[in-house]
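Worksheet for the structure shown next.
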Amino acid sequence: MTRHNWPYPANAVFNPGAVECGGQTVLLARVEDLRGYSHLTVARSPDGRSGWEVSSRPTLEPDPSYQEERWGIEDPRIVWMEELEEYAVTCVSFSRGGPVVSLYTTRDFQEFRRYGPLLPPEDKDASLFPRRVNGRFVLIHRPIIRGEAHIWIAFSPDLKYWGDHRVVIPARPGSWDGSRVGLGPPPIETPQGWLVMYHGVRLTAAGSLYRLGLALLDLEEPWRVIRRSEEWVFGPRYSYEHVGDVPGVTFPTGAIVDETARELRIYYGAADTAICLASANIDEVMEYMRGCPSPG
């Protein structure tokens, strides 16, 4: 999908959150308007591939009373929280103070409750885990500290106070993910561990390349990395991934596992201009993970 599929003027549509809701695939798409500010809009499909119905108006727009949203809301990740009986949506909210991670909850993708910023700026690429681990909520996120961009993890008893911060997936200097890393879609719980898809950035003479890598975290100690791919597994190849507002970008933010078909559907932004779909067999992905090295 591109801006040409949108029912109102937009510069670009990309980086959607994705979830199954009411027997449909629901995307919460980032829409950049003609001022350069972003908001979120719902698109629904019966099969997650075609027949998309896009809301005729924005679904979640910046609220002037929340200063952190002044310059827009971006890059949602969505998980169903059984305990809350709600969907938790983590976004990047932008203002003069920089990017922060903000939390919203909803039951119907029409009405949203705002929790405000979870952690100080500069922070992006965040998602809650879909359940508590050892009695605490878990947040995976990507702060910038001393110019370094690694994936961190934090824990909370109440979604308000966060602690036990630690790096879980660091950037690897010299490798394809040497400049920075950041979470892709929310972590997926499997019998073998939490499957994490993350983007890695490498600086080149032509600009930054955004590609996808995989990691597996321990189910009960999610700060512990069991496996991590040495190579990237998905990256820009086609013209629509190389030509756009930001060329050379594949940026996954939503993923759905079809248990019946054993299919992993990944929704991603291409060149910060379009929403695209990639798919894989989840069993083959987990078999690949078993062959990846343990970081030790």
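The values are calculated or read from the model by the stated rules, or taken from the named source; none is laboratory data. Because the structure is a prediction, the values reported are computed rather than measured. Note: ideal-geometry Cβ built from the backbone for every residue, glycine included; neighbour counts use all protein chains shown.
Quick look at the numbers
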item: Of residues in the stretch 185-226 being within 25 Å of residue 277 (Cα to Cα) and among the charged types (D, E, K, R), the one surrounded by the most Cβ atoms within 10 Å (Cβ to Cβ); result: 211
item: Flag for residue 49 being crowded, with 17+ Cβ neighbours inside 10 Å and of a type in the set (Lys, Arg); result: no
item: Tally, over the stretch 153-163, of residues that are in a strand (DSSP E or B), over 16 Å from the mean Cα position of the chain (by Cα) and either crowded, with 17+ Cβ neighbours inside 10 Å or in contact (Cβ under 8 Å) with a residue 40 or more places away in the chain (or both); result: 3
item: Residue that is farthest from residue 277 (Cα to Cα), among those in the stretch 34-46 that are surrounded by 12 or more Cβ atoms within 10 Å (Cβ to Cβ) and either among the hydrophobic types (A, V, I, L, M, F, W, C) or out of contact with any strand residue (DSSP E or B) (no Cβ under 7 Å at 6 or more places or on another chain) (or both); result: 40
item: Selection from the stretch 109-152 of residues that are more than 29 Å from residue 65 (Cα to Cα), β-branched (Val, Ile, Thr) and buried (at least 21 other Cβ atoms within 10 Å of the Cβ); result: 151
item: Those residues of the stretch 177-226 which are part of a loop (DSSP other than H, G, I, E, B), more than 13 Å from the chain's Cα centre (by Cα) and modelled with pLDDT of 95 or more, in sequence order; result: 177, 178, 179, 191, 192, 218, 219, 220, 221, 222, 223, 224
item: Residue in the stretch 117-124 that is in a loop (DSSP other than H, G, I, E, B) and either free of Cβ contacts under 8 Å to residues at least 12 places away in the same chain or within 30 Å of residue 55 (Cα to Cα) (or both) present; result: yes
item: Of the criteria (1) of a type outside the set (Lys, Arg); (2) in a loop (DSSP other than H, G, I, E, B); (3) touching a Ser or Thr at 6+ places or on another chain (Cβ under 7 Å); (4) surrounded by fewer than 17 Cβ atoms within 10 Å (Cβ to Cβ), which one residue 174 fails; result: (3)
item: When residues of the stretch 1-23 are limited to those that are more than 29 Å from residue 82 (Cβ to Cβ) and of a type in the set (Val, Ile, Thr), the one surrounded by the most Cβ atoms within 10 Å (Cβ to Cβ); result: 13
